[in-house]
Amino acid sequence: MAQRVALSEAAAGSKRTSRVRVAVRLRPYMDKQDEKGEGPCVRGLGPQNLEIINWRNATETLHYQFDAFHGEQTSQQEVFVSSVKPILPHILNGQNASVFAYGPTGAGKTHTMLGSQEQPGIIPRAVKEVFNLVAAQEEEQDSWQYSVGMSYLEIYNEKVLDLLSSGSQDLPIREDKDRNILIPGLTDTPLSSFSDFDRHFIPASLKRTTASTKLNQRSSRSHAVLLVKVLKSQRRPPHRQQTGKLYLVDLAGSEDNRRTGNQGIRLKESGAINLSLFTLSKVVDALNAGAGGRVPYRDSKLTRLLQDSLGGSAHSVMITNIAPEYSYYFDTFTALNFAAKSKQIVNRPFVRETVLAPAIVPGKRGRDEQEAGGSGE
Ligand code: ADP
Ligand code: MG
């Protein structure tokens, strides 16, 4: 028995590919997204579960389970603390990490990653935390020094474009002898503080959004990739160095993925627009299916770029954003099927409630039962 344990550990160690943690975030219901006034078609059932009405049979709901479920009321801070903060210390130890927002356009990816001035999202919180961690390290020890840098790029139509340099051409993705992925020519801006980051990131991010309205919703069809690099250098000989990379990615809308993924002809038609998103789904599937299978990193620009920061020894989190309105039903359904660890059909009609009503607490007795019980408590 002890032998078997040792064996399986060795096997796991030889091709250790870590799973991608999958969280789902449901954004609040918005009246204006629901012209027919149908109410929500999906709701949370706890910290890992949700249910969605089964369109094939309205007397059933579909239950899904994830690594984490964040309901409508979840704050930006809660999402950050549960899904992102725990992986950040690894960046200071030469390890890589990636965080993605996945889901249909309008479901909250940009809100989750970027947020607003009043409700900052994962990007500003993570960058702040990286600077906090660096400051704490420099306080604690003096054998290593740290430097932080950023790059910001967009993948559109399988082209890699530098968002920190104007007039950028498609940049090549290369791999060095140690299997690190790099992009020669990509702007790498040194940062000494969070306000430094803001100063470079905000204009680039605004430029991307403004350009997109002119270019046919380009921002919903492209992947915005922020890279935060932490270089750790030994102050004394042998002056070892380690680099940790953190990718923060606001993905293209997954509604394109559904069309290209399901229909052979469309896949050809829409060409490269969503090859990266489609391949990312396959890569995450392959990683989460576990040992053995080929992971098709090389099949798209996004996955090739992320090869050293997704799976393997990297720490990865996918936050699937979904919207509760019926108008999103099929996009939600597709996104959930991609994200889910498990799904179960439950024979229970989806009870229509007003939006503000609390979710039914499992195990709580109904009013009839309570009256029949005649408890005097
Ligand atoms: P996406 O980037 O996926 O297309 P957005 O982040 O732009 O979606 O979100 C669409 C709209 O919904 C925006 O107006 C955004 O502010 C709002 N929104 C998204 N998620 C939330 C949330 N959790 N709480 C409040 N508003 C949200
Ligand atoms: Mg967006």
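FYI, it's all coordinate maths here, none of it is from the lab. Small disclaimer: the values here were computed from a predicted structure and weren't measured. Glycine also receives a Cβ, built like all others from the backbone with ideal geometry; neighbour counts cover every protein chain displayed.
Taking the Cβ of each residue in Ser192, Ser165, Ser300 as the centre, tally the other Cβ atoms inside 10 Å and list the residues starting with the fewest.
Working: Ser192 10, Ser165 16, Ser300 23.
Ascending Cβ contact count within 10 Å gives the list Ser192, Ser165, Ser300.
If you take the C-alpha gyration tensor of the stretch 54-154, multiply each eigenvalue by 5 and take the square root, what semi-axes do you get, largest first, in whole Å?
Values: eigenvalues 240, 45, 33 Å².
So the equivalent ellipsoid measures 35, 15, 13 Å along its semi-axes.
In this model, which of Lys159/Lys207; Lys85/Lys207; Lys109/Lys232 are farther than 23 Å apart at the alpha-carbon? Walk me through the numbers before you get to the answer.
Values: Lys159/Lys207 18 Å; Lys85/Lys207 28 Å; Lys109/Lys232 31 Å.
Lys85/Lys207; Lys109/Lys232, as the Cα separations exceed 23 Å there.
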